[in-house]
């Protein structure tokens, strides 16, 4: 009987440490998001670029990754301290797309990356079916 309140107090303290850590992480992600916004705006509106320069698509995908991680942390607090599985799948799909954009020299690797995206999409569909929601 005495042991149970001790474990509950340790659990609550660890939950508080986790919450504070996530708040620090979301603050850092917001700072990096602002930095990436500045970098993309600077790339778009700088006139010193050559006519063959283009907007780096990698920066845009990184931008979406920041949004997804921030949304994941917000959902964690909104859903009662629980990370929804589908947000991790979304982040994984976006990360693999970024990898394909950056490293697309080997067609076999690109095919495997595409297959990984297909597996993630199928798993997302399976998780959202009515049979598994019960």
Q) Roughly speaking, what is the stretch gain from residue 25 to residue 119, that is 0.36 nm per residue apart minus the C-alpha to C-alpha distance, in nm to one decimal? A) 30.9 nm
Q: Evaluate the distance, in nm, between pseudo-label points positioned 7 Å from the Cα of residue 67 and of residue 32 along their respective Cα→Cβ axes.
A: 1.7 nm
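What FRET efficiency, computed as 1/(1 + (r/R0)^6) with R0 = 35 Å and r the Cβ-Cβ distance, is obtained for residue 83 and residue 46, rounded to the nearest 0.05?
With R0 = 35 Å, the Cβ-Cβ based efficiency is 0.35.
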Q) At residue 17 and residue 74, where each label point lies 7 Å from the Cα along Cα→Cβ, what is the point-to-point distance in nanometres? A) 2.9 nm
Q: Please identify, among 115, 59, 80, the residue showing maximal mean-square fluctuation in a Gaussian network model of the chain using a 10 angstrom Cα cutoff.
A: 80
Q) Relative contact order for the range 3-133 using alpha-carbon pairs under 8 Å, separation at least 6, rounded to a whole percent? A) 19 percent
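Just so you know, all these numbers are worked out from the coordinates, no wet-lab data involved. Nothing here was measured: the structure is a model prediction, and the numbers come from that model. All Cβ positions, glycine included, derive from the backbone under ideal geometry; neighbour counts span all protein chains shown.
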